[in-house]
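No lab work stands behind these numbers, since they all come straight from the coordinates. Quick caveat, the model's predicted, so the values are computed rather than measured. Neighbour counts run over all protein chains shown; Cβ positions are idealised from the backbone, glycine included.
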Amino acid sequence: MTTSNRILLGVNIDHVATLRQARGTRYPDPVKAALDAEEAGADGITVHLREDRRHIQERDVLLLKDVLQTRMNFEMGVTEEMMAFAERIRPAHICLVPETRQELTTEGGLDVAGQEARIKAAVERLSKIGSEVSLFIDADERQIEASKRVGAPAIELHTGRYADAQTPSEVAEELQRIVDGVAVGLAQGLIVNAGHGLHYHNVEAVAAIKGINELNIGHALVAHALFVGFKGAVAEMKALILAAAAKA
Ligand SMILES: CC(=O)[C@@H](O)[C@H](O)COP(=O)(O)O
Ligand SMILES: NCC(=O)COP(=O)(O)O
């Protein structure tokens, strides 16, 4: 089991694109946000090219591919269209996520256990282009073990339920679910990332879980950037997670 306190910050820039798409303008440019994030200490840049193109567009992904100094984590649904696009851009990391048109945001984890053959085929196909494939799943032992069986080297635990928890006991219960999930993932030899709904006020407890490789954070950073600028928002988050991991 990894016991190192090293933790990485993946900055998700989707919601810079949400603001742009709201008016159909050329600004704000998520590519500029990515470069600013890198300057402020981001270890990687995450983008989710949704089937409905509500925020990130192909143009963003293609430009990022050329200009990123760090690495791209490309989130995608398991569809033929996305598989073909990923084969074209060959991102360093690919995270397979569940997607439905009506959802406001990604509501739950990918059901790997319920569709092992399909996910295994996708992992095999995407691994051939040299990408490290991770599966965005709930912190559920069954899903983590299935992720190992389908050959994914990495998982990203969905922290949305923890972020949405209201009472202290719910928060503690959801945090424990993530702590347990990390332990199961590490015991399976998986790289364990986490993300979704993480904010300045709830991130430290997750960053303090030993063995987590990377946190992917977007919405809270973009919101805070309105008041302190994108570089400031990223630098603040990075300092917070590094301090939390160092104290653990
Ligand atoms: C897969 C995931 O965790 C999502 O957070 C996504 O990356 C953000 O985009 P949405 O807000 O459109 O769900
Ligand atoms: N995979 C989670 C992610 O990239 C960021 O999610 P959020 O911070 O925008 O909720």
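Computed over neighbours whose Cβ is under 14 Å from that of Glu116, the net charge equals +2, Lys and Arg +1, Asp and Glu -1. For the pair Ala22 and Leu240 in one chain, pulling the backbone fully straight at 0.36 nm per residue adds 75.4 nm over the alpha carbon distance. Starting from one equal scatterer on each C-alpha and no solvent at all, send me the Debye-based log10 I(q)/I(0) for region 26-86 at q = 0.26 Å⁻¹, two decimals. The computed values of log10 I(q)/I(0) come out as -1.15.
With all pairs of different C-alpha atoms in the average, the Kirkwood value for the hydrodynamic radius of the chain is 18.0 Å. Measuring nothing but how far apart in sequence close Cα pairs (under 8 Å, 6+ apart) lie, relative to its length, the chain scores a relative contact order of 22 percent. For Arg88, neighbours were defined as the other residues whose beta-carbon sits under 15 Å from its Cβ, and their charges (Lys and Arg +1, Asp and Glu -1) total -1.
In plain terms, the chain from Ala248 to Arg71 could stretch by 61.0 nm, reckoned as 0.36 nm per residue minus the Cα-Cα distance. Counting charges near Arg6 (Lys, Arg +1; Asp, Glu -1) among other residues having Cβ under 11 Å from its Cβ returns a value of -1.
When only alpha carbons of region 151-248 are considered, Rg and Dmax amount to 13.6, 42 Å.
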